[in-house]
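Working notes, beginning with the structure itself.
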Amino acid sequence: MHKLIDTHAHLEEIDNLERVLAEARMVGMIAVIAVGSDYESNKRVLQLARTYPGFVYPALGLHPGRLGDSLIDRDLDFIRDNIDSAVAIGEVGLDYHKRVKVVADKAWQQHVFKDILQMAKTCDKPVIIHSRYAWRDALTLVEEAQIEKAVFHWYTGTSSVLRDIINNGYFISATPAVAYHEEHRRAVKAVPLTRLLLETDSPVVYQRGSEFEYQARPADVIKSLEGAAELKNISPAQIAGATTANARKLFGLAGF
């Protein structure tokens, strides 16, 4: 059994969490990063980290899709006030999908993201970045903020941006979508093993086109592992060893 870390899961959205985490331990999971999306979920992930110490680690975030109904000052103050209890800032970033831009246009998203990146820089915390259809803009803002530690989660962007992500020393994460999503497959195949993490984005629903696949849970990190190993034509043991070491180092889990 391989030691695995799910670096991105929305645990507060999962039912029967005790059973779900027990399943995750059975496939070899030794830690999970519980990412927040707004004020309420940030409070919840902090509580879950206290409930499962040494296994659940909190990241505090403000998802771009939540900016339309968010009290920005309150949300940012909460992250700032509790950042010492977190291993990262995230999930944060930009999302240029048309449904998101209706509630938060590009300029507003970028304004908030800049504030969050400055906080991350000041606090020396890694950033977990959402960048759907905004890959270049997200990377540019991260570079301008001189962020040293970042992961672009579930990356599906262009090869040119991926190349710059790698050259900056940032990470991308492989999800179970590596089994079928061509842009994601291309990214996971191209990224060096030293810059790869595993995640599930639980409890997202994975779909192949309009066809329903399944609703993810943390134990599905094994699918991310196996898919990445097949793409890179190396053993699952090599993927597990590298990604777990990468996650420990990025999030400071060894001494947290």
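The values are calculated or read from the model by the stated rules, or taken from the named source; none is laboratory data. For clarity, every value in this text was computed on a predicted model and none was experimentally measured. Quick reminder, even Gly has a Cβ in these numbers, built from the backbone with ideal geometry, and neighbours come from all protein chains shown.
Which of the residues that make up the stretch 96-116 are free of Cβ contacts under 8 Å to residues at least 40 places away in the same chain, among the hydrophobic types (A, V, I, L, M, F, W, C) and surrounded by fewer than 18 Cβ atoms within 10 Å (Cβ to Cβ)?
Val102, Val103, Ala107
Which residue pairs have Cβ atoms under 7 Å apart, sit 6 or more places apart or on different chains, and have a first residue in the stretch 17-36 that is closer than 13 Å to Leu4 by Cα and a second that is assigned to a helix (DSSP H, G or I) and at pLDDT below 95?
Cβ pairs passing all conditions: none.
Does Val102 satisfy being touching a Pro at 6+ places or on another chain (Cβ under 9 Å) and in a helix (DSSP H, G or I)?
Considered against the rule, which asks whether it is touching a Pro at 6+ places or on another chain (Cβ under 9 Å) and in a helix (DSSP H, G or I), Val102 comes out as no.
Having 3 or more residues that are at pLDDT below 95 and surrounded by 15 or more Cβ atoms within 10 Å (Cβ to Cβ) is the bar; report the helices (runs of 4 or more DSSP H) wholly within the stretch 117-190 that clear it.
none
Are there any pairs, at least 6 apart or on different chains, whose C-beta atoms fall under 8 Å, with the first in the stretch 150-167 and in contact (Cβ under 8 Å) with a residue 60 or more places away in the chain and the second in a helix (DSSP H, G or I), and if so, which?
Val151/Leu250; Trp154/Ala177; Trp154/His184
Does Phe113 meet the test of being at pLDDT 95 or above, over 28 Å from Arg195 (Cβ atoms) and either in contact with a strand residue (DSSP E or B) (Cβ under 8 Å, 6 or more places away or on another chain) or β-branched (Val, Ile, Thr) (or both)?
Criteria not met by Phe113.
Within the stretch 64-97, track down each residue that is under 15 Å from His111 (Cβ atoms), at pLDDT 95 or above and either basic (Lys, Arg) or not in a helix (DSSP H, G or I) (or both).
Passing the criteria: Val92, Gly93, Leu94, Asp95, Tyr96.
Is it the case that the stretch 88-95 has a residue that's touching a Cys at 6+ places or on another chain (Cβ under 8 Å) and either surrounded by fewer than 20 Cβ atoms within 10 Å (Cβ to Cβ) or not small (Gly, Ala, Ser) (or both)?
Checked against the condition, which is being touching a Cys at 6+ places or on another chain (Cβ under 8 Å) and either surrounded by fewer than 20 Cβ atoms within 10 Å (Cβ to Cβ) or not small (Gly, Ala, Ser) (or both), the stretch 88-95 yields at least one hit.
Give, as residue ranges, the strands (runs of 3 or more DSSP E) completely inside the stretch 192-252 that count at least 3 residues that are at negative phi and modelled with pLDDT of 95 or more.
Here the list reads 196-198.
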